[in-house]
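Report on the following structure.
The values are calculated or read from the model by the stated rules, or taken from the named source; none is laboratory data. Source: prediction; values computed, not measured. In this analysis, Cβ positions are derived from the backbone assuming ideal geometry, glycine residues included, and neighbour counts consider all displayed protein chains.
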Amino acid sequence: MGLSGLDIYKLLPKTNCRECGFATCLAFAMQLAKKAVSIDECPYLSSEAKAKLEAQAQPPIKLITIGQGETRLQVGNENVLFRHEEKFYHPPGIGFILEDNITDSEIKDRVEKINGLKFERIGQALEANLIAIRQNKDAKRFVDVVKIVSSNTLLGLVLMSDDTQGLKYALEVLKGKNPLIYHATKENSAGFAQLAKEYKVPLVAQADELEEASGLTVELAKQGVTDLIIEVSGKPMPERIWDLTQIRRLALKKSNRSLGYPSLVVIDKNDLYEEIQEAATYISKYAGIVLIKNIESWAVLSLLTLRQNIYTDPQKPLQIEPKLYPIGQVTDKSPVLITTNFSLSYYTVLGEVEASKIPSYIISVDTEGMSVLTAWAAEKFTPHKITETVNKFGVKGIVSHKHLVIPGYVAVISGELEDESGFKIIVGPKEAAGLPSFLKNLQYG
Ligand code: SF4
């Protein structure tokens, strides 16, 4: 939790000299609490006060970047415990562990499969983020595998090894690619901190208990490494969830800087169902990165879908561009279906139209992302608005039949819409699932 205006005021000189542009120190403090001004505006801060205020200006959970370019992963920088309080900003990275003790061709096959784990859902691209290479053999084999993987993927990489020499060779190979090093412990922190500093890459700090993790991040920070990700390992799932929740809670509510980093979870389960269930739990609360072994596409899709649902902004429904969408080989005889620009509504209708194999036009009306009934109740899906949209996209000049199909839930507007638009209104099914048979039997009277 950030400092209040009064907390900040106590740290100011209280001379009301006005050099900051405010009439009083209290007025300046209030603006500082809102992050509307910079602490540099007051030239008379003591170094102790400045250090405290600078610390307060940092995000409670540090933003960490792994990888580079368009496929880089950013995690952290969250402000709330619960999505409805604001929103979650950076979806957890989902990555796959590759062992280095399989053959080169098996590695290439797995990397190709991971690269192909791309899906589209309600107009958004869903993709996995990371490949973690785990050392089981000697440094040479580890580095060879790092070379194979890095030359076959653009995804960010995680280097899983206890061998600082092997890691050093691998980091040379990956210069500029910003991989994540896994992992420093209290026993090896000096060597790992040295590597993270030398190659300017993020580092996982691993401990068995929260207190130990907190001490380790403080120690690493003293050694100049602050791009950290925390792993509290070796516990059953309920205890891990407890730890992940405490890390988030202590960072946000108690301003605990030593735990103000994203967290990482490795799931080493051979049973696919157990692994996916556990990964889904950690995605829900509060992992920054989840590493798994299996790469079954249906299982990965379920995790990506869950992540997408949790990390959408609850105050902003997903929307698509309001316009006329031709689906299939449309002609001037094709039906024209009206729906809203709420993504889920549009894509549900789209799916059923495609399933019907009847080329159709779909018009999405701008309802500010509300679904059909909500938009109708909020007067965003009115005969006037629908008519405006139909006219805007020139439907009269595109089809020759002068019919519009509206969702069954808003049958009540059909008369008024008919008068206003000049089209004959056909009331479609209430549920999109009824569209295929409706479209197959559709005849214009
Ligand atoms: S410059 Fe500093 S001391 Fe002067 S009024 Fe502003 S906050 Fe107070």
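Could we say that residue 109 is surrounded by 19 or more Cβ atoms within 10 Å (Cβ to Cβ) and among the acidic types (Asp, Glu) here?
Working: surrounded by 19 or more Cβ atoms within 10 Å (Cβ to Cβ): no; among the acidic types (Asp, Glu): yes.
Considered against the rule, which asks whether it is surrounded by 19 or more Cβ atoms within 10 Å (Cβ to Cβ) and among the acidic types (Asp, Glu), residue 109 comes out as no.
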* Could you give every pair whose Cβ atoms fall below 9 Å, whose first residue belongs to region 2-26 and is among the small types (Gly, Ala, Ser), and whose second residue is more than 7 Å from the ligand (Cβ to nearest atom) and not in a helix (DSSP H, G or I), counting only separations of at least 6 or pairs across chains? -> 2/35; 2/60; 2/255; 5/34; 21/37
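Could we say that residue 386 is assigned to a helix (DSSP H, G or I) and touching a helix residue (DSSP H, G or I) at 6+ places or on another chain (Cβ under 7 Å) here? Spell out how you get there, then give the answer.
Numbers: assigned to a helix (DSSP H, G or I): yes; touching a helix residue (DSSP H, G or I) at 6+ places or on another chain (Cβ under 7 Å): yes.
It is true that residue 386 is assigned to a helix (DSSP H, G or I) and touching a helix residue (DSSP H, G or I) at 6+ places or on another chain (Cβ under 7 Å).
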* To do: Could you grab the pairs with beta carbons closer than 6 Å, sequence gap of 6+ or different chains, first residue in region 242-259 and in the same structural domain as residue 278 (by TED's automatic domain parsing) and closer than 20 Å to residue 90 by Cβ, second one of a type in the set (Val, Ile, Thr) and in a helix (DSSP H, G or I)?
  => 259/247
* Run down 133, 114, 122, 107 and say which single residue is assigned by TED's automatic domain parsing to the domain that holds residue 71 and more than 24 Å from residue 265 (Cβ to Cβ). => 122
* **Within region 120-134, tally of residues that are at pLDDT 95 or above and out of contact with any Phe, Trp or Tyr (no Cβ under 8 Å at 6 or more places or on another chain)** => 2
* Output the qualifying pairs, or none if there are none: Cβ atoms under 7 angstrom, residues six or more apart or on different chains, first residue in region 364-376 and closer than 15 Å to residue 412 by Cβ, second residue hydrophobic (A, V, I, L, M, F, W, C) and not in a helix (DSSP H, G or I). => 372/381; 375/381
* To do: Collect the residues in region 421-435 that are surrounded by fewer than 17 Cβ atoms within 10 Å (Cβ to Cβ) and part of a helix (DSSP H, G or I), keeping them in residue-number order.
  => 433, 434
* To do: Could you list all residues from region 268-282 that are among the hydrophobic types (A, V, I, L, M, F, W, C), at pLDDT 95 or above and either surrounded by fewer than 21 Cβ atoms within 10 Å (Cβ to Cβ) or in a loop (DSSP other than H, G, I, E, B) (or both)?
  => 280
* Structure fact -> Selection over region 364-383 where residues are of a type in the set (Ser, Thr, Tyr) and assigned to a helix (DSSP H, G or I) yields a count of 1
* Hits in region 343-363 (condition: part of a helix (DSSP H, G or I), surrounded by fewer than 18 Cβ atoms within 10 Å (Cβ to Cβ) and charged (D, E, K, R)) -> 354
